Structure formats: structure tokens, C-alpha cells
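Just below is one structure, and these are the notes that go with it.
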Amino acid sequence: MALLVQKFGGSSVGCLERLKAVAERVRKTRHAGDDVVVVVSAMGKTTDELTRLACSISRHPPRRELDMLLASGEQVSIALLSMALQELGVAAVSMTGQQVGIVTEAAHGRARILNIRTERVRGALAEGAVVVVAGFQGTATSANGNLEITTLGRGGSDTSAVALAAALGAERCEIYTDVEGVLTTDPRIVPGAQLLEHISCDEMLELASLGAAVLHPRAVEIARNYGLPLVVRSSWSDHPGTCLTSNRRQRVAGVALELGKPVDALELVRHQGLVALSHVPDRPGVAAQLSEALSEAGINVDLIVQSLHEGASNDMAFTLERQDLERAQAVVSSLSGHLGGPQPFVVAAYSELAKLSLVGAGITGRPDVAASMFATLGQAGISLRMIATSEVKVSCVIEDNDAAQALDLLREGFELAPSQVHLEAIPCEDSTPAVRGVALDCGQAQASVHGVPDWPGAAAAVCRALSDDNISLDTIVQSERTRQTPLGAARDLAFTLPRQDLEQARQALAPLLQQWPGAELIPGGPIARVSAVGAGMPCTAGTAGRMFRALADAGINIAMIATSEIRISCVVAQDDGEAALRAIHRSFCLTG
Ligand code: ADP
Ligand code: ASP
Ligand code: MG
């Protein structure tokens with residue numbers, strides 16, 4: 001007899017008929033002899049409706065009261081589902097997050113789970129009942145010692161389910177939803193999206209955080225960290241769905257469930273070179289032409305960034321193996337003057353660089369990790385030539401001379417054992433496809449800080465100011481061009497962040513920017529971010545070029561580019577988002 005956690009999302013309990021169908025499915029599992037804990041979301045669009053109600057009373061509803069309101073949605077579903085089960089003759093008991101003992105931090109609206117008390121659930125299971133738990137909610141002790149209701153963030157019922165499964169040592173967690181499983185992209189935008197039978201947790205973490213709403217990224221993070229078998233499948237059919245794989249052994253979650261050590265490895269790759277281009281014309285097709293010329297010359301580039309710049313030109317930079325540097329410089333220089341800009345672009349090449357990366361699940365969700373990394377390096381006077389962030393990695397390109405010192409500082413700072421330090425890139429499996437899925441995120445805004453002094457630690461200070469306010473940056477790109485300010489040479493730092501955090505970011509940065517004459521935060525226009533994800537990317541040359549070509553052929557201009565090892569993200573105008581997603585999906589032949 002196994003213990004299973006089954007989670008049913010809002011779409012699976014959207015009306016009473018669906019709720020009864022869920023009860024019937026749970027009954028079957030129970031009758032097959034398994035113990036079952038069910039986690040449910042609020043019915044249908046209840047959470048959206050409650051949010052609308054709150055916003056019609058207050059433009060910025062107080063977070064505590066909003067949590068109180070939103071948590072009520074799940075309380076309705078657990079009571080009704082428990083009744084429906086009892087109607088079918090199945091013993092069942094409903095429990096709120098507080099009754100179970102899902103203890104979270106006190107951050108309303110985005111609380112992380114600290115630990116889950118399992119006695120009450122285990123007691124009810126031992127009595128033969130199905131336990132029906134309210135997803136998305138927990139309980140926290142406030143600063144003055146009172147118990148408060150918290151919520152985990154939109155889509156957070158997935159996280160409740162996976163966390164409960166990890167705390168109970170369940171055999172697996174099954175997420176039931178309105179699609180057959182994880183697909184190559186969102187079927188609402190691309191009807192030909194295909195089901196993936198398996199996907200690694202690392203790939204899924206990227207996809208989920210880049211807009212694939214089918215799973216809450218933090219649920220994937222927990223499954224990965226505790227080696228918990230996780231399945232996504234349809235509540236409308238018996239199709240087996242998608243299995244998420246992680247190479248960790250399963251272990252039971254205890255205290256600091258979601259707050260365990262966020263960094264589990266440090267990687268150093270030496271002998272890197274960097275080619276930086278400035279004044280590259282800002283029109284569709286330029287990134288594709290450059291990338292294609294490099295891959296035709298047999299040169300594999302690693303990280304690529306393109307930052308947004310004023311005027312009609314961009315900066316672009318990419319890293320590659322040191323031995324390819326001169327050839328790459330010659331290839332791109334030969335294109336200067338042929339790409340149609342008002343002036344030839346400027347090419348600079350840098351050798352003797354190293355790429356240093358911190359690895360761990362959910363790094364973007366914990367902005368303090370990147371901020372501490374940049375600050376540690378900045379305090380030691382180590383300049384960052386390039387930054388690349390992803391859900392599972394934050395990388396900095398630094399001078400090779402600084403690599404040994406940087407490695408020691410980060411190893412100590414993040415308390416890593418020698419076995420967690422890798423002195424070369426972890427090889428990828430050749431058999432893994434370069435692109436497994438593509439995602440679109442229209443919830444991000446683009447912003448840049450102009451005039452960040454060009455000294456070590458300045459970029460770190462920007463990230464720190466934002467991370468202190470719990471604002472996560474993504475797609476961080478530093479400009480190659482410098483501008484003159486009263487403090488000397490300064491660069492621009494462009495990034496994307498959740499749109500609802502833009503105003504808070506402005507306030508958080510104000511005191512810092514006041515200290516830098518000429519520095520200011522410039523919010524960008526409405527954007528969409530399209531991303532391609534695949535674990536096979538590092539060993540498949542030309543993947544980025546293919547993505548840029550797909551966008552160019554669809555006439556879509558790329559405003560920003562940021563890559564990490566297993567993903568490529570492009571920022572485009574918001575109106576181009578869906579067309580961009582379709583074009584990329586098609587170009588990687590993901591439609592069956
Ligand atoms: P639930 O109510 O079950 O939590 P969600 O709406 O949160 O369901 O998530 C399911 C939806 O996620 C699907 O209907 C689909 O439109 C969307 N989606 C986005 N990207 C993907 C993807 N890669 N695979 C499957 N579904 C996706
Ligand atoms: N009901 C919550 C929401 O709509 C949580 C969830 O469905 O996962 O965001
Ligand atoms: Mg969901």
C-alpha cells in the first residue's frame with residue numbers, strides 16, 4: 001500500500017460536475033488500496049474573482065487582508081470535495097493549511113514553506129480517511145507572535161502538494177490539470193504542442209519560471225531537491241502524462257523545507273574568451289546573421305547577451321573557448337559594414353577570462369543569492385565582464401587571474417564542500433534534444449539603470465538594493481558601451497523583472513541612484529519574453545542562431561538577448577510575443 005498525494009487545480013474543480021468526477025477518481029485510487037492525500041485549488045477562476053473584488057475596494061489591497069480573502073477560495077473546495085467523497089462512501093476529512101500545520105514565513109502573498117507538521121494528517125490516514133488539504137495557503141507567526149494566514153503566491157497549490165508529499169515521504173505526487181501533461185509549449189497559443197513523456201527537473205524549472213504555467217516553479221524546485229517522483233497528467237483522461245525526473249535520491253523533507261541551502265555547487269570554466277560588439281544595427285535579422293556566420297565557421301558560442309540601448313543600435317557580446325577567439329573576431333569583423341547600420345560596429349575581443357557559476361534550484365526566486373555573489377566579488381575588487389542568470393545557475397565572467405581568489409571566496413561564502421566544487425563544465429548528454437520546450441512570459445517588464453559607475457561592486461549594489469526588497473531580476477545584461485558621468489565612465493544595466501514589481505523597484509533603487517550623479521532608472525515599453533529550453537543545448541552548435549533566424553524570418557525585432565547553458569531568452573515587443581512563440585516552436589520542429 002502506497003501513500004499518494006494527488007493535486008487538482010482550479011480547472012479540474014471548476015464546477016460541481018467536475019468536482020464529483022474528481023471525487024470518483026480519488027475513490028478509485030483509495031479502493032485500489034492506496035492512502036491518499038488530496039490537495040485542491042479554489043474552484044475555477046475564484047482566485048481571480050476574489051482579487052478583482054479586493055481591487056475594486058482598494059488600489060493596493062493590504063497584503064494581510066488579501067491573503068485572508070484569497071485563502072477562502074480553497075476552503076470552499078476542500079469542504080465540497082470532502083462531502084462529495086463521503087457521498088460516495090469514502091471516509092474523508094478536509095483540513096486548511098493551518099489545521100495541517102503548513103508553517104510558512106510571514107511574507108504575505110509569496111510565503112515560502114518552512115516545515116509541515118504531519119501528525120494530524122498521518123492520524124487521519126491511519127483511521128482510513130482520505131485527507132483533503134487546502135492548497136496555496138499556510139500559517140505563519142507574525143512579529144508580535146500572532147498566528148496569521150499566508151498564501152504562497154499565484155499557482156501555489158502545486159507547491160503545497162509537492163511539499164506535503166516530500167514531508168510525508170509519499171511514493172509520488174500527481175498533479176492533475178486540464179492538459180495531458182507538460183507539452184512543448186502552451187497549447188492555448190500553439191494548438192500543435194506535443195506531450196513530453198519525460199522532462200528533467202532542471203529543464204522544467206526553466207520552463208516553469210519562463211512562463212509555462214502548467215507547474216509552479218517552486219513545486220519543481222522541491223521535487224528536484226528531495227528527489228520526489230512528480231507526475232503531471234489530465235484530470236479528464238487516463239493518459240499517463242509526463243514524469244519529471246531528477247537524479248537525486250528521494251529523502252523526506254524536514255525543517256527549512258523551502259529554505260534549505262539554495263546553492264549546491266560551484267563551477268569554474270577557464271580558458272574563455274569574449275567578443276563584444278557595440279553599435280550593432282537594431283533591426284530584425286542582425287543577431288541571426290552574426291550567429292549563423294559563427295556557426296558556419298564551426299565556432300560554438302556559449303553565453304550570448306544583447307542589451308537594449310538608446311538610439312538605433314545595440315550592444316552584443318558572447319563568450320566562447322579561448323582558442324576560437326581570433327577566428328570569431330575575424331568572422332564578425334568581416335560583417336561590420338554589411339549589416340546596414342549608419343556606421344560600422346565596433347568589435348573588441350578579450351582573452352584570459354573564466355566563467356564562474358553558482359548552481360542550485362530556484363536561484364532566480366532568491367534574488368539574494370546573485371546579489372551576494374556579485375557583492376562578494378565586488379568587495380574583492382573583481383570586475384564582472386558579463387552576467388548570466390537562470391533558474392538553476394548564476395554565472396559571472398571574470399578575469400582568469402581573479403579566478404582562484406573568486407573560487408575561494410564563493411566556496412567559503414556559500415559554505416560549499418570540496419566535492420561541490422567542479423573545475424570544468426559538466427558534460428551534457430549528446431542524445432538530449434537542444435530544445436525541449438518553448439515558453440512565453442507576458443508578465444515581465446523591462447527596465448534599465450543608466451549610468452552605473454564602472455567600478456567593481458556597482459552592479460552588485462543595484463542587485464542588492466532590489467534583492468533586499470525581495471525583487472527578482474532576470475535577463476540581467478550589462479552594456480558594452482560606457483557613458484561619461486561626473487563619477488567617470490559608467491555603463492547601463494538592463495534587466496527584466498515581474499511587471500507588478502516595477503514601482504517597488506523604483507522606490508528601492510532611489511536612495512542608491514541618488515549617490516551616483518547621472519544615474520537613473522528608465523522603465524521600458526510593454527515587452528514579452530520568449531525562451532527556448534533544452535538540456536542538450538551546450539552540445540548542439542547553432543541553436544541560438546536557429547532561434548534568432550526564426551524571429552528574423554517572422555519580421556520580429558529582438559530587443560534583448562540573454563542565455564544560460566540550457567536556455568535562450570529573447571525580449572520582444574509585447575504584441576509580437578505570440579507570433580514569436582509560434583515561430584520558434586515551428587523552427588525547432590516541435591509540432592508533431
Ligand atoms: P490548474 O488549474 O490545473 O492549476 P493551470 O491553468 O495553472 O491549471 O495550468 C494549466 C495550463 O497551463 C494549461 O491549460 C496550459 O494552457 C498552460 N500551459 C502553459 N505552458 C504549458 C506547457 N508547456 N505544457 C502544458 N500546459 C501549459
Ligand atoms: N487558487 C490559487 C491561484 O489561482 C492557487 C492555485 O490554483 O494553485 O493562484
Ligand atoms: Mg496551476
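The values are calculated or read from the model by the stated rules, or taken from the named source; none is laboratory data. As the structure is a prediction and not an experimental result, all values here were calculated from the model. For neighbour counting, all protein chains shown are included, and Cβ atoms are generated from backbone atoms with ideal geometry for every residue, glycine included.
Here Glu105, Glu49 are screened, and the one residue that is free of Cβ contacts under 8 Å to residues at least 12 places away in the same chain and either within 16 Å of ligand 3 (Cβ to nearest atom) or under 27 Å from the mean Cα position of the chain (by Cα) (or both) is Glu49. The single residue among Gly192, Gly153, Gly211, Gly181 that is part of a loop (DSSP other than H, G, I, E, B), under 17 Å from Gly138 (Cβ atoms) and of a type outside the set (A, V, I, L, M, F, W, C) turns out to be Gly153.
From the list Ser41, Ser12, the one residue that fits, being within 16 Å of ligand 3 (Cβ to nearest atom), closer than 18 Å to Asp67 by Cα and in contact (Cβ under 8 Å) with a residue 24 or more places away in the chain, is Ser41.
The set of residues in segment 455-480 being charged (D, E, K, R), part of a loop (DSSP other than H, G, I, E, B) and buried (at least 18 other Cβ atoms within 10 Å of the Cβ) consists of Glu480 alone.
Can you pull out the strands (runs of 3 or more DSSP E) entirely within segment 1-108 that have at least 1 residues that are within 16 Å of ligand 2 (Cβ to nearest atom) and surrounded by fewer than 19 Cβ atoms within 10 Å (Cβ to Cβ)? The strands (runs of 3 or more DSSP E) meeting that bar number zero. Of Ala550, Ala544, Ala528, all but one fail to be touching a residue at least 24 places away in the same chain (Cβ under 8 Å), surrounded by 18 or more Cβ atoms within 10 Å (Cβ to Cβ) and part of a strand (DSSP E or B); the exception is Ala528.
In this structure, Val133 qualifies as within 16 Å of ligand 1 (Cβ to nearest atom) and touching a strand residue (DSSP E or B) at 6+ places or on another chain (Cβ under 9 Å).
When Gln272, Gln306 are checked against the criterion of being of a type outside the set (A, V, I, L, M), touching a residue at least 60 places away in the same chain (Cβ under 8 Å) and under 17 Å from Glu480 (Cα atoms), a single residue qualifies: Gln306. Scanning segment 255-297 for residues that are farther than 25 Å from Arg491 by Cβ and assigned to a loop (DSSP other than H, G, I, E, B) yields a total of 13.
Report yes if Gly10 is within 15 Å of ligand 1 (Cβ to nearest atom) and either among the hydroxyl-bearing types (Ser, Thr, Tyr) or on the phi > 0 side of the Ramachandran plot (or both), otherwise no. The answer is no for Gly10. Checked against the criterion of being within 13 Å of ligand 1 (Cβ to nearest atom) and over 26 Å from the mean Cα position of the chain (by Cα), the candidates Arg18, Arg59 yield just one match: Arg18.
Looking only at residues in segment 202-228 that are more than 22 Å from Thr475 (Cβ to Cβ) and in contact with a strand residue (DSSP E or B) (Cβ under 7 Å, 6 or more places away or on another chain), the one that is nearest to ligand 1 (Cβ to nearest atom) is Ala223. Within segment 62-88, residues that are closer than 15 Å to Ala107 by Cβ reach partners that are of a type in the set (D, E, K, R) with beta carbons closer than 8 Å, at six or more positions or on different chains, in the pairs Arg64/Glu148; Asp67/Glu148. The residues of segment 144-174 that are more than 16 Å from ligand 1 (Cβ to nearest atom) and among the β-branched types (Val, Ile, Thr), listed by number, are Ile149, Thr150.
Criterion applied to Arg436, Arg411 was being basic (Lys, Arg), more than 16 Å from ligand 3 (Cβ to nearest atom), at pLDDT 90 or above and crowded, with 20+ Cβ neighbours inside 10 Å, and the one residue passing it is Arg436.
Selection of first residues in segment 177-199 that are within 15 Å of Cys589 (Cα to Cα) and more than 16 Å from ligand 2 (Cβ to nearest atom) and of second residues that are of a type in the set (S, T, N, Q) and not in a loop (DSSP other than H, G, I, E, B), restricted to Cβ pairs under 6 Å at least 6 apart or on distinct chains, gives the following pairs, ordered by first then second residue: Leu196/Thr242.
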